[in-house]
């Protein structure tokens, strides 16, 4: 299944799988954008992401992270 900027839950889960020890709230927007584009099956362009897309992905990733590590 191809991932896009609107696949926020799936992208967040994939980022957690790949960067499981990284607190998503510490990741800069530029790095988050690059890491998403670098995911296998991602079919979007870096300049297509809105701030809202990045925030939604970061929230989804953070939910996965909190489930594993608990609250900050």
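Structure summary
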quantity: Sole residue being touching a helix residue (DSSP H, G or I) at 6+ places or on another chain (Cβ under 9 Å) and surrounded by fewer than 15 Cβ atoms within 10 Å (Cβ to Cβ), chosen from 32, 39, 25, 54; calculated: 25
quantity: Residue ID - nearest to residue 7 (Cα to Cα), chosen from residues in segment 30-47 that are modelled with pLDDT under 95 and in a helix (DSSP H, G or I); calculated: 46
quantity: Residues satisfying the stated conditions in segment 11-35, i.e. without any contact (Cβ under 8 Å) to a residue 24 or more places away in the chain and within 20 Å of residue 48 (Cβ to Cβ); calculated: 28, 30, 31, 33, 34, 35
quantity: Hits in segment 2-21 (condition: modelled with pLDDT of 95 or more and closer than 20 Å to residue 68 by Cα); calculated: 8, 9, 10, 11, 12, 13, 14, 15, 16, 17, 18, 19
quantity: Selected residue (criterion: surrounded by the most Cβ atoms within 10 Å (Cβ to Cβ)) from residues of segment 57-72 that are under 16 Å from residue 20 (Cβ atoms) and over 12 Å from the mean Cα position of the chain (by Cα); calculated: 66
quantity: Segment 36-52 residues that are in contact (Cβ under 8 Å) with a residue 24 or more places away in the chain, paired with ones that are in a loop (DSSP other than H, G, I, E, B) and surrounded by 10 or more Cβ atoms within 10 Å (Cβ to Cβ) (beta carbon under 7 Å, 6 or more apart); calculated: 43/4; 44/4; 44/5; 48/5; 49/5
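The values are calculated or read from the model by the stated rules, or taken from the named source; none is laboratory data. Since the structure is predicted, the reported quantities are computational estimates derived from the model, not experimental observations. Don't worry about glycine lacking a Cβ; one is built from the backbone with ideal geometry, like all the others, and counts go over all protein chains shown.
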